[in-house]
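Enquirer: Before anything else, here's the structure in question.
The values are calculated or read from the model by the stated rules, or taken from the named source; none is laboratory data. Here the structure is a predicted model, which is why all the values come from computation and not from measurement. Cβ placement follows ideal geometry from the backbone for every residue including glycine, while neighbour counts extend to all protein chains displayed. Areas reflect the complete protein model, heavy atoms only, side chains present, ligands, DNA and RNA absent. Shrake-Rupley method; radii C 1.70, N 1.55, O 1.52, S 1.80 Å.
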Amino acid sequence: MNVNPGELNKSIVIKKITYPIDADGIATKTYATIRTTMASFTRTSGTELQKSGTEFADVKARFLIRRTPTKLDTSMVVTYDSNEYDIVYVNEYKDSKEYVEIWCNLKEME
């Protein structure tokens, strides 16, 4: 199955989260940009759930990007449209060796 490159029309940033320890011994959350690229974006579900009496949305998303030389993994996040998504699974798209699917969950606000 062919991918229409014109569908890769959303700008995303893939970041690695690290917790370096400063001189005072305090770990601080930092982001290192791995790649800024164009992707297709698909929201795969939006289930309203009840948790501790508070509603929240369980939003799952799929990003399709051109293959990157850097190996992507679940310790990374995707930033798109002012939202941050935890990477849940990275998959070679249809064994094409040209594209990669990134399956994500929308992060809850901290």
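Enquirer: Of the residues in the stretch 73-110, how many are in contact (Cβ under 8 Å) with a residue 12 or more places away in the chain, more than 23 Å from P5 (Cβ to Cβ) and of a type in the set (D, E)?
Expert: Final tally of qualifying residues: 4.
Enquirer: Kindly provide the set of residues from the stretch 30-43 that are surrounded by fewer than 11 Cβ atoms within 10 Å (Cβ to Cβ) and among the hydroxyl-bearing types (S, T, Y), ordered by number.
Expert: Scanning the stretch 30-43 gives a single hit, T33.
Enquirer: Going by the conditions given, is V59 open to solvent by less than 70 Å² (accessible area, probe 1.4 Å), modelled with pLDDT under 90 and under 15 Å from the mean Cα position of the chain (by Cα)?
Expert: yes
Enquirer: Would you mind stating whether V13 is at pLDDT 95 or above, touching an Asp or Glu at 6+ places or on another chain (Cβ under 6 Å) and of a type outside the set (G, A, S)?
Expert: The answer is no for V13.
Enquirer: Kindly establish whether G46 is modelled with pLDDT under 90 and surrounded by fewer than 11 Cβ atoms within 10 Å (Cβ to Cβ).
Expert: Here the answer is no, as G46 does not meet what is asked.
Enquirer: Restricting to the stretch 77-101, what's the tally of residues that are buried (at least 17 other Cβ atoms within 10 Å of the Cβ), closer than 19 Å to T18 by Cβ and not hydrophobic (A, V, I, L, M, F, W, C)?
Expert: 3
Enquirer: Moving to a separate point now. Filter the stretch 1-29 for residues that are open to solvent by less than 50 Å² (accessible area, probe 1.4 Å), within 19 Å of K107 (Cβ to Cβ) and not basic (K, R) and give the result.
Expert: Of everything in the stretch 1-29, those that are open to solvent by less than 50 Å² (accessible area, probe 1.4 Å), within 19 Å of K107 (Cβ to Cβ) and not basic (K, R) turn out to be I12, V13, I14, I17.
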